[in-house]
Amino acid sequence: MSSVAFESVRKIFGKTVALKDVDLLVRDGEFMVLLGPSGCGKTTLLRCLAGLERIDGGTVRIGDRDVSDLPPRDRQIAMVFQSYAVFPHMKVYDNIAFGLRMRRKPKAEVERRVKEGAALLQLEPFLDRYPAQLSGGQRQRVAVARAIVTDAPVLLMDEPLSNLDALLRLHARAELKRLHGEVKRTTVYVTHDQIEALSMGDRIAVMREGQIVQLDTPSALYDRPADVFVGSFIGSPPMNFLKCRARNGTAVGDAFEVPGPPGMDGKEMLLGIRPENIRTGEGPFRGRVLVVEPLGSHALLTVMVGKDSIKVVAPADTTLRADEELRLAPEPHKIRWMDAASGKALMAPH
């Protein structure tokens, strides 16, 4: 078993509590993504798992072993860093072979594993080149290959694609997902890019201020955020939130009235709706177009509804223009209700 467990893990830097009693179980063979803004604790949690930071409370387990006090070399992990971290004076072959040689593996085994890793990451033509002769994407593939050939049961990745340009990141995401499907290594992946997280993770742990605020599958996180923070952080553009008050089973806002959640009369609420779940034409929202952004496959509208500015995905051939009045219809089963004071979800969706 190569599951990973954090049990009430706490980490303090001076007066700053970086991790607040974090509990998380990463299943054997799972691709777990730690997602959140800068400073939320995701990289610190990964470093605690790697043994690069000593925890101040709780337990870290890999399989059935308590590794909380073990040095990194004894934890049976492999790690890919944000920087390429390849040795510039070594050829690609020697970079990939480095970890195996450090473990004094037989020469024949080193050669076999390096060739397997190079084939998996399509690096065979570059084995005799130096890193300076490679592109950024190729260097990052070398770092990944070096990590996977070690056969460590747990693979850690700390924002490995953040130094790549947009097109290369798109290709690398698909490549890493394919790679995980083939090697089925337990993987913990840190990123602040929610598109990366949604496209790659089996499950995503969304972090904020040293805590996990929601742990779920990508589709569940996107469709059923636990609070306003998750709804605002996941999705591009993010979920819209409009202020309203519950009255006799109806949610009443500045420029709309829609059926509301039961048993909430008098409560201040936020109506959450994704931009792609709003239709232009007839509907209960009365709005005014502020901006129209043609984006090729669709147009993105910025619309003022009462005192709230929202985003709406419209067809690419929309004829709407700035300053036009319009009506909008949110898909009723896609509306999510949040408490206005706490920002937390009020009820499970239908």
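The values are calculated or read from the model by the stated rules, or taken from the named source; none is laboratory data. From a predicted model like this one, the values you see are computed outputs, not experimental measurements. Because the Cβ atoms are built from the backbone with ideal geometry, glycine has one as well, and the counts that use them run over all protein chains shown.
Taking Cys40, is it part of a loop (DSSP other than H, G, I, E, B) and either of a type outside the set (Lys, Arg) or buried (at least 21 other Cβ atoms within 10 Å of the Cβ) (or both)? Criteria met by Cys40. Looking only at residues of region 241-268 that are touching a Leu at 6+ places or on another chain (Cβ under 8 Å) and part of a strand (DSSP E or B), we find that the one that is surrounded by the fewest Cβ atoms within 10 Å (Cβ to Cβ) is Lys243. Across region 113-139, which residue is nearest to the chain's Cα centre (by Cα) among those that are buried (at least 22 other Cβ atoms within 10 Å of the Cβ) and part of a helix (DSSP H, G or I)? Filtering region 113-139 for residues that are buried (at least 22 other Cβ atoms within 10 Å of the Cβ) and part of a helix (DSSP H, G or I), the one nearest to the chain's Cα centre (by Cα) comes out as Arg139. Exactly one residue among Gly99, Gly117, Gly63 is among the small types (Gly, Ala, Ser) and over 16 Å from Arg146 (Cβ atoms), and that residue is Gly63.
Screening region 230-250 for residues that are within 24 Å of Gly266 (Cβ to Cβ) and among the polar types (S, T, N, Q) and picking the one that is modelled with the highest pLDDT gives Asn240. The number of residues in region 162-190 that are surrounded by fewer than 23 Cβ atoms within 10 Å (Cβ to Cβ) and more than 21 Å from Gly63 (Cβ to Cβ) comes to 19.
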